[in-house]
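The values are calculated or read from the model by the stated rules, or taken from the named source; none is laboratory data. Since we're looking at a predicted model, the values are computed, not measured. Reconstructed Cβ throughout: ideal geometry from the backbone, glycine too, with neighbour counts over all protein chains shown. For accessibility, only protein heavy atoms count, side chains too; no ligands or nucleic acids. Shrake-Rupley method; radii C 1.70, N 1.55, O 1.52, S 1.80 Å.
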Amino acid sequence: MLSTSVWSALPERWRVQRRRAHSCDISIEITAYRTALTRRARSTGWHHVPVPRSQSRQTGGVPLTPDPPVRTVDRRAVLRLAGGGAFAFAAIGTLTACAKDDTPAPPDPLLAQELSARTDAAVATAAIAVNPTLAGALQTIATQRGAHADALRTEIDRAIGVYGDGTTPSRRVAPVTPTVAVPPPPVNQLRTNLTQAQRAAADLSVTLTGYRAGLLGSISASCATHAGVLLA
């Protein structure tokens, strides 16, 4: 490194040549540095991408972070993946449907109400023969309690639903046809049964909502009329 006094004493022509030589040395060093960085980047899997000039001055034209490797997928591979995904989705849907069908569900609370209504209707019908004076009242009770049972069955089947092919789930419970002893129970026993049915329907209705609650409320009121008015 020349001192300031010696540098000033040199002719202008020499000083210009010295500056040019110094600039060339710096350019050679920068070029060598960039070449080394580029070789190192290629050996580690980095990809060269154009960068702004401001960033190029700081990093030598090499990005600070490596780009992820680019992978290409042909058309056949895409179709195979799509077909496999559709098959897997269909299989999962089938297994899910089977699992839902096989899972035991709690019994519908309306089943007990349906059985009670059918039993009352059968007892009232059988009691007509041995209680001719109450034939009109007993027939009314038998008809209305039968209607109660049918309405309850319709709601039970609606809640269970049907499959797309029209078949019903295996958990569906078929209606029960009660049998009546011979001779049939006395009218007093039928009145007691109707009173119990009225209370059971009222208690269950307060635990439900919507149509079911309204249906049980109507059945409870009808049973109260049967026991307290028709058979009083």
Per residue value of the accessible surface for segment 121-232 (all protein chains in place, 1.4 Å probe), Å²: 54 Å²
In sequence order, calculated HN-Hα J values of segment 205-213 (Karplus, 6.51, -1.76, 1.60; Hz; x Gly/Pro): 5, 6, 8, 10, 9, x, 4, 4, 4
Table column - 3J(HN,Hα) (Hz), segment 107-113, Karplus curve with 6.51, -1.76, 1.60, x for Gly and Pro: x, 5, x, 7, 4, 5, 5
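Looking at the square roots a ≥ b ≥ c of the eigenvalues of the Cα gyration tensor of segment 144-226, which shape do they give, rounded for a/c under 1.5, prolate if a/b is larger than b/c, or oblate? Write out the running numbers ahead of the final one.
Working: a/c = 3.05, a/b = 1.44, b/c = 2.11.
Oblate.
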Sorted peptide list for 200-207, 139-146, 181-188, criterion being average Cβ within 10 angstrom, highest first: 139-146, 200-207, 181-188
Order of exposure, largest accessible area first, which applies to Thr209, Thr192 with probe 1.4 Å: Thr209, Thr192
Cα gyration tensor shape for segment 166-208, rounded if a/c is under 1.5, else prolate or oblate: oblate
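May I ask for the net charge around Leu190, where only other residues with Cβ less than 11 Å from the Cβ of Leu190 are counted and Lys, Arg are +1 while Asp, Glu are -1?
Once all neighbours under 11 Å are counted, the net charge is +1.
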